[in-house]
Amino acid sequence: MEPKGLRIALRIWVGLVLAFLFVPIALIVLYAFNSSNIESWPISHFSLHWFAVAWHDPQVRSAFLLSVRVGLIATALALLLGSAVAYALYKFTFFGRGAISLLLLLPLALPGIITGIALNSFFSFTGIQLGTLTIVIGHTTFCIVVVYNNVLARLRRTQGSLIEAAMDLGANGFQTFRDVTLPLISTSIVAGAMLAFALSFDEVIVTTFTAGAQNTLPLWIFGAIRLGQRLPEVNVVVSFVILVTIIPVVIAARLTGGGGASRVPAAR
């Protein structure tokens with residue numbers, strides 16, 4: 001059993017680490033309610049003025065709509081491709097399966113700037129104009145990894161006896177997938193979609209190399225901070241991005257925390 005002093009020291013250390021991570025985020029949210037356009041401490045007056053300014057800013061609205069549109073399309077593509085390749089690699093054994101699995105993980109393992117430069121070079125070489133399509137392609141490359149990991153991890157935890165029992169009862173491959181496998185992995189699919197959308201919504205590095213003249217919400221924030229303009233409005237937008245990002249992550253964590261066996265429907 002650990003000494004009491006060690007337990008206290010570990011708790012203090014954990015508290016300091018959490019404070020280091022979350023106090024700056026809390027300050028950003030707090031400054032979003034500052035009535036002044038100068039960030040000073042302590043805050044003299046609190047107001048919702050900058051929320052109204054951000055809401056009526058056409059650039060912010062345009063960037064937000066583009067981020068949502070790109071996130072939804074990239075998530076849909078990642079769901080389709082990531083789930084399919086996860087099921088294929090789990091179900092079938094063939095030469096090069098390990099290499100394919102490694103290649104799928106590379107976009108998330110490599111630094112974002114490498115992926116961004118590679119995509120930018122590819123689009124320039126093929127003559128593809130940078131825009132919404134190229135942003136979606138860039139985001140899909142790493143969103144696939146999230147869905148793939150979630151679905152494959154759940155498939156590996158499923159009970160093979162359930163699938164075997166369904167086939168013994170006369171179900172064909174499609175019926176087994178629809179009535180047994182899909183309910184088992186449904187929460188992992190939803191969790192993967194949530195995480196993929198969260199990653200896409202706040203992505204900056206890859207988007208910088210694939211967006212061209214368009215601005216997603218994170219790119220708008222980056223540009224506004226770099227120019228040092230409208231910092232109170234930036235705090236409001238950043239607070240909103242934090243909220244939009246945290247909600248899918250929390251839902252995904254709750255979904256992946258439970259099992260899937262209980263979700264298999266009764267025999268028909």
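The values are calculated or read from the model by the stated rules, or taken from the named source; none is laboratory data. Predicted model only: the values in this text are computed from it and were never measured. Counting neighbours? That spans all protein chains shown, and the Cβs are built from the backbone with ideal geometry, glycine included. With ligands, DNA and RNA removed, areas are computed over all heavy atoms of the protein, side chains included. Shrake-Rupley method; radii C 1.70, N 1.55, O 1.52, S 1.80 Å.
So here's what we get for this one:
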{"quantity": "A52 open to solvent by less than 90 Å² (accessible area, probe 1.4 Å), within 27 Å of the chain's Cα centre (by Cα) and of a type in the set (A, V, I, L, M, F, W, C)", "calculated": "no"}
{"quantity": "Test for G71: is it exposed (fewer than 10 other Cβ atoms within 10 Å of the Cβ) and small (G, A, S)", "calculated": "no"}
{"quantity": "Segment 77-102 - residue that is among the β-branched types (V, I, T) and under 25 Å from the mean Cα position of the chain (by Cα) and, of those, least open to solvent (accessible area, probe 1.4 Å)", "calculated": "V85"}
{"quantity": "Count of residues meeting criterion [among the β-branched types (V, I, T) and within 19 Å of I144 (Cβ to Cβ)] in segment 55-96", "calculated": "4"}
